[in-house]
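Beneath this line is the structure, given in structure tokens, with notes to follow.
The values are calculated or read from the model by the stated rules, or taken from the named source; none is laboratory data. Source: prediction; values computed, not measured. Neighbour counts are summed over all protein chains in view; Cβ atoms, including those assigned to glycine, are modelled from backbone coordinates with ideal geometry. When the accessible area is computed, the model is the full protein with side chains, heavy atoms only, and any ligands, DNA or RNA have been set aside. Shrake-Rupley method; radii C 1.70, N 1.55, O 1.52, S 1.80 Å.
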Amino acid sequence: MDAECVSLLPSVCEVLAASGSSLPDDTSLEKLLDWFTGLTEAGGSLLEACPCLLEFISTVVHNTASDPGVLSFTLRLTGLMAATEDGFKRLQERSVLKQVFHLQRWQDAGLWEDPCLRIGWIQGLRSMLQHPKALSFFVQSDFIDPLLQLQTDTSLFVASAANQMLAHILLFFQPASSPGCNGEDKKEEDDGRMHTSAEYTAALTAISGYLKVSLVPKKYTNLSQSLQILKLLALLLARAGPPLWDKLLQTVADSLEELVTAGCSQLTLPLMDVILAACSRSGADERVPDQRVSRLLTSMLSVNKPADLIHAAAAFLRRGHHSDIVHTARAVRILLLPLHIVTGHTLLGANTTADEHQSSVVEQLKCKSSCISVICVCLTNTPQITLTPSGVLPCPPQLLVTAVLSLLRICSGVSSSSSSSSSSSASSSTSSTGCSEVCRNVIGSGKVQKCALEALTALNSSPGAQEVISEVFTVLMQYLDNPDSDPTVLHKSYQAFVKWTSVSTDLSFVTDQLRQGLVDVVKKRVCDMRWEVRDSTVEFLGHLAGVRVSAESAGDVSDALLGVGCTVPLLKEALQDTESYVRASAICALAKTLTHSWQQGTALSPEETEIVSRLLEILSQDTEGFPRRAVVRYFISWFSSRSSSSSSSASSASLLMQCVRSVLSQGSADLDWEVKVHTLELAELLLDEAFSGHRGYGKGSGALPQPDGVASDQTYTLHTHAEGAESHLAGVVELGVISALLSGLVDCDRPVGLRACRLLMTLRDAVCLPSPGALEATAAAATVSCDLPGWGWGQEIRKTLGMKRSDIAAEGRSKGGADEGGDGVSVSVCEALRSLGLDQRLDVLAQSSDHVHNSALSLLQDILTASAAHTHPDTQPGQEVIVDCY
């Protein structure tokens, strides 16, 4: 521990122990406890390092007038100090533990009514319970009953803490169950902690008995206690070893069965959490699921309330217990039943009239609110249903897609009779009795439409998807063309469209009708009055350009669906949109659309050249950050995707490099820190390309240092390296890479400075640090210089370099590139990189911005200063010292 902290701690303890004193910042105690916890976890002893804490605890617990927050802090601190056996022993010898945790004493003093003290009592004991001696103290002090009573505390925080405490006792001290190598039980030991059988048995008996009695409420109008205990049971059963797991299940099985039979909707999901947690442990330790768990699961999947039944089936299916074929098959049928009823498709097979829940589910679906809720649950789990083992699904997988499409038609008000013509007579009977009334409930429901579109998107990879692709695009086009479609529904329709274009291995799904319809829709939607619709449409165009149905057909899906030359003009027009999100999306979509031509090295068309000019204009003039960020990413994509073949267009390459110079200059001076970070990404790409293969360069370098060999070969290599280092360094200087990095180094935004510093260090190590055999390369690179402007970042760099006005003038005269007034100066790149103290600067930048104040010393000083100001009689209102809240 820091010596200065040790010297201040007694004064801090004195302040905290003062009668009735409280701190202006109540988080100071939490920070102080965090510091003590960190010292303990690091292996330190608080009693040895801070002997004043023992006196502090004794003073506070004997002064019932102390602030409740300080009392709570003291209880938790005592538990932390007693977490080790040595600390526990020393506190026991001084009778501190009995004084601190003596419950009756706090009750008699009237302090127990404060929830702050109750939670401090719980958390202090929980910190202490890390070894068998602490468990013995806990049990022998009769603390189990008070802890059980706190499960129903009026404060939710106290009740939750007490709940977690019970879980800690049972799980932390549970006995080991693995036999030794010789067949005899091992001496039960875990991380040096030995199990104390009598105390643990007493705790387990008391806690399990409480769970059994309290699990079933006396009145089903108040279920808070049952909910709390179910949450605890789910935690315990998921983590318990076989002895504890079996004991708990044996104790509460009947109570769980009673809760299942009671049919309380509020308890459906918590009950399923408990049962599925038991299933997980049962499946892990036994080949056959425990019969008690299986019986509970069967009961949950047979409840009479349709909504509860469907939620229970969904919970089971989400947990993926597919090895339990019987219950998986039952859950699947339950979840398919509402879709079977609404759409009229025979999703349950031929014998559907015999389904025991069919009539009750029909009645449930006749209520609009419950109908929408139930249908959405079923749709959400439809993709999961297709993942069930073969033989479990009662219908072909493609029929699920057809059912979802039928539901989408119903929602939009289109009759689904044509899609249901193949239904069986049983299905027709169901449709006639309940479907017509149910259908009215889902017509126009945006919530059902969104869920159905999400399900359709996920079903694109299901077996048999290829067989229904034509019907899928027909329904999606209806939604995209519908003037009443909600913007979110349109967005999800676009997502589904893109996903389903990848289903086919060729372009046979593209018909003239689909092509013409999509062109008309896109042209209409890109001019929609709602900016969300325009944004989704522009994004769709970009995503569609990235779809590849095969390696041989790269770039042909968008052209096949929209026609050659349709996408770029629409996106170009979107660059003028009044909404910044749309402009940004249009720029991103253009990058995706043009990637293929960049990769091929195709010459830019006049339209594309005009787009480049517009993008540079956006970077320099747009008032919103989103489009400017997108512009820099556009040029990053162009630079990364361009072709390096000799057949690529020279004019295109020339224009790109001109743009790169402009982007680096404007982007590094942008007010948006993300624009500057993206600019540095572009600078990094330029460095990687220039210095890849040079010894010492840390990114993308494929060249290794040459081994000792023939002198003539080595001389040739060094000359080549020297010439390359000088020319490439001069090249990146000319492009403005070095200026962008130096500007970023002194930027006020830490992410910018951090990235720039790392890149400069990488460059320095490649061209400026002499290594054996590379002196000539270093000397050559040292001749390369760059200009520092006389304002802004240039002044900051010159200040960092320690350059005086006379030095600047002399440097300017010798280089002939700066005036004697010192407005600008040209400096050696290598000299600057060596003198900027990059390693030390990186250490500072790598720390969080509050590292100076986030320290124990600062905290202790703040507590003392704030307390002095708070109690000083001359302190005027508004002059109180504010404690640092790091």
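Tabulated data
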quantity: Ala65 vs. criteria open to solvent by 10 Å² or more (accessible area, probe 1.4 Å) and either under 35 Å from the mean Cα position of the chain (by Cα) or among the small types (Gly, Ala, Ser) (or both); calculated: yes
quantity: Lone unmet requirement of (1) more than 20 Å from Val557 (Cα to Cα); (2) not in a helix (DSSP H, G or I) for Thr505; calculated: (1)
quantity: Filter result for Gln123 (more than 30 Å from Ser224 (Cβ to Cβ), under 34 Å from the mean Cα position of the chain (by Cα) and buried (at least 16 other Cβ atoms within 10 Å of the Cβ)); calculated: no
quantity: Only listed residue being touching a residue at least 40 places away in the same chain (Cβ under 8 Å), part of a helix (DSSP H, G or I) and over 26 Å from Ser28 (Cα atoms), chosen from Leu71, Leu125, Leu147, Leu135; calculated: Leu135
quantity: Residue among Gly517, Gly542 that alone is farther than 16 Å from Ala589 by Cβ, assigned to a helix (DSSP H, G or I) and touching a residue at least 40 places away in the same chain (Cβ under 8 Å); calculated: Gly517
quantity: Close pairs (8 angstrom Cβ cut-off, 6 or more residues apart or separate chains): within 13 Å of Lys524 (Cβ to Cβ) in the stretch 477-493, in a helix (DSSP H, G or I) and of a type in the set (Phe, Trp, Tyr) anywhere; calculated: Leu480/Tyr494; Leu480/Phe497; Ser485/Tyr479; Leu490/Tyr479
quantity: All positions within the stretch 100-115 that are within 44 Å of the chain's Cα centre (by Cα) and either surrounded by fewer than 20 Cβ atoms within 10 Å (Cβ to Cβ) or of a type in the set (A, V, I, L, M) (or both); calculated: Val100, His102, Leu103, Leu111, Trp112, Glu113, Asp114, Pro115
quantity: Per-region count, the stretch 209-224, residues part of a helix (DSSP H, G or I), more than 32 Å from the chain's Cα centre (by Cα) and not basic (Lys, Arg); calculated: 6
quantity: Tally, over the stretch 563-573, of residues that are more than 14 Å from Val612 (Cα to Cα) and either under 30 Å from the mean Cα position of the chain (by Cα) or assigned to a helix (DSSP H, G or I) (or both); calculated: 2
quantity: Enumeration of residues in the stretch 135-151 that are open to solvent by less than 10 Å² (accessible area, probe 1.4 Å) and of a type in the set (Phe, Trp, Tyr); calculated: Phe138
quantity: Residues (touching a Gly at 6+ places or on another chain (Cβ under 8 Å) and either of a type outside the set (Asp, Glu) or under 16 Å from Leu686 (Cα atoms) (or both)) located in the stretch 743-756; calculated: Ser743, Gly744, Leu745, Val746, Val752, Gly753, Arg755, Ala756
quantity: Filtered residues of the stretch 732-761 (kept if touching a helix residue (DSSP H, G or I) at 6+ places or on another chain (Cβ under 7 Å) and outside any helix (DSSP H, G or I)); calculated: Gly736, Val746, Asp747, Asp749
quantity: Selection count where residues are closer than 12 Å to Thr505 by Cβ and either modelled with pLDDT of 70 or more or β-branched (Val, Ile, Thr) (or both), scope the stretch 538-556; calculated: 2
quantity: Matching residues, the stretch 70-87, being more than 37 Å from the chain's Cα centre (by Cα) and open to solvent by less than 10 Å² (accessible area, probe 1.4 Å); calculated: Leu71, Gly87
quantity: Residue match in the stretch 260-270 (condition: buried (at least 21 other Cβ atoms within 10 Å of the Cβ) and without any contact (Cβ under 8 Å) to a residue 40 or more places away in the chain); calculated: no
quantity: Lone qualifier among Leu561, Leu590, Leu604, Leu575 - being farther than 23 Å from Arg530 by Cα and open to solvent by less than 20 Å² (accessible area, probe 1.4 Å); calculated: Leu561
quantity: Filter result for Ala403 (assigned to a helix (DSSP H, G or I), within 23 Å of Leu276 (Cβ to Cβ), open to solvent by less than 10 Å² (accessible area, probe 1.4 Å) and not β-branched (Val, Ile, Thr)); calculated: no
quantity: Test: residue in the stretch 180-193 that is modelled with pLDDT under 95, surrounded by 15 or more Cβ atoms within 10 Å (Cβ to Cβ) and in contact with a Phe, Trp or Tyr (Cβ under 9 Å, 6 or more places away or on another chain); calculated: yes
quantity: Scan of the stretch 460-485 for residues that are surrounded by 18 or more Cβ atoms within 10 Å (Cβ to Cβ), out of contact with any Phe, Trp or Tyr (no Cβ under 8 Å at 6 or more places or on another chain) and either outside any helix (DSSP H, G or I) or modelled with pLDDT of 95 or more (or both), ordered by number; calculated: Ser462, Val475, Met477, Tyr479
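Matching residues to (1) over 23 Å from Phe473 (Cα atoms); (2) over 30 Å from the mean Cα position of the chain (by Cα); (3) of a type in the set (S, T, N, Q):
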position: Arg330; (1), (2), (3): yes, yes, no
position: Pro338; (1), (2), (3): yes, yes, no
position: Thr380; (1), (2), (3): no, no, yes
position: Val404; (1), (2), (3): no, yes, no
position: Ser412; (1), (2), (3): no, yes, yes
